[in-house]
Amino acid sequence: MPKKILAIYYTQSGQMGEIIDTFTRPLAVAGAIVEKVIIKPIVDYNFPWTGKRFFSVMPSCVLGIPVQLEPLGIKEKAYDLIILGYQPWFLSPSIPSNSLLQNEEFRALIKDTPVVTVSEARNMWLNAFTRVRNMLKDAGADLVGNIALVDKHPNVVSFITIFYWMLSGKKERYLNIFPKPGVSEEDIAATKEFGETVAKYLGIGSWDGMQDELLKQKAVEIHYKLMFIEARAKPIFAVWAKFIDKRKNRAPWLAAFKYYLFIALFLGAPILLTLDAVFLKPFSSKRIKTKKLNYLQVNNS
């Protein structure tokens, strides 16, 4: 009997669709039946965004407040493997992805089922992955693999290009000076190799060692500076989200958060990184190694 695989994901721009198509192609070639399902909120998030609309979702996203989804339309009652494609928003799983992970039908489906997660992000994905990993564990799923795709350009550059893409809907070079935004075409094409690795272990019937092989293929890479920034931003985002969520008139506070974000990225982060490099990092190598290892693991038990 051929193996049955469900690849379920959310996409606005279509990039995750390209990733899932490329990643699952080797699985289909190996003889598996791959069913693809797109997550569809009843009230969807239009693309391109407006700046106001983008920042308006921050509190619900950070606080993990779900929205109602259209019927998933999943054909089978059980699968040999489930592939979950998601994207971080505001250092958290996107609202559609978070809503799926709180959906009782989906939670019942993933119980005792192997899951591989595939994320696409500007560059900061660690907090979102931790939350997804915990939610999968809470639902009784068996997380066997993780792939984290990012825009590999410098932090400030990718910040500018991703906003151009989000607000214009055009995945092209801004002003013909900046690089194309998002996960590069080369990195999307490279997911074929990751799919071949997953197909191999699916055929073997054991997932032991698969994540280690994916790590050797650079399916996941962790950069200390981004890890440092994200760790400090996470609790601050939570404070902002809780505060704004309680306001009747959110508009001025969302605007304040927007300006905070710009100042933090262009001014605060460089200062903190400099202070860390001088006073903390030289004495924290063991702690840094432990934190990186935690994010590289698919099982946090």
Could you tell me whether the range 81-101 includes any residue that is touching a Pro at 6+ places or on another chain (Cβ under 7 Å), open to solvent by 10 Å² or more (accessible area, probe 1.4 Å) and either more than 23 Å from I188 (Cβ to Cβ) or not polar (S, T, N, Q) (or both)?
-> no
Show the residue pairs that are 6+ apart or on different chains and have beta-carbon atoms under 9 Å apart, the first residue being within the range 52-77 and within 13 Å of W89 (Cα to Cα), the second being among the hydrophobic types (A, V, I, L, M, F, W, C) and open to solvent by 70 Å² or more (accessible area, probe 1.4 Å).
-> F54/L167; P59/F243
Is at least one residue of the range 57-75 within 30 Å of G205 (Cβ to Cβ) and of a type in the set (A, V, I, L, M)?
-> yes
What is the number of the single condition among (1) part of a helix (DSSP H, G or I); (2) free of Cβ contacts under 8 Å to residues at least 60 places away in the same chain that F129 does not meet?
-> (2)
Pick out the one residue from P114, P59 that is out of contact with any strand residue (DSSP E or B) (no Cβ under 6 Å at 6 or more places or on another chain), modelled with pLDDT of 95 or more and of a type outside the set (A, V, I, L, M).
-> P59
Scan the range 182-212 for residues that are open to solvent by 30 Å² or more (accessible area, probe 1.4 Å), within 18 Å of S119 (Cα to Cα) and part of a helix (DSSP H, G or I) and jot them down.
-> E185, E186, D187, A189, A190, K192, E193, E196, D212
Restricting the range 256-301 to residues that are of a type in the set (G, A, S) and in contact with a helix residue (DSSP H, G or I) (Cβ under 8 Å, 6 or more places away or on another chain), the one modelled with the lowest pLDDT turns out to be S301
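The values are calculated or read from the model by the stated rules, or taken from the named source; none is laboratory data. The structure displayed is predicted, hence computed values, not measured ones. Positions of Cβ are backbone-derived with ideal geometry, glycine not excepted, and every protein chain shown enters the neighbour counts. Note: areas computed on protein heavy atoms with side chains; ligands, DNA, RNA excluded. Shrake-Rupley method; radii C 1.70, N 1.55, O 1.52, S 1.80 Å.
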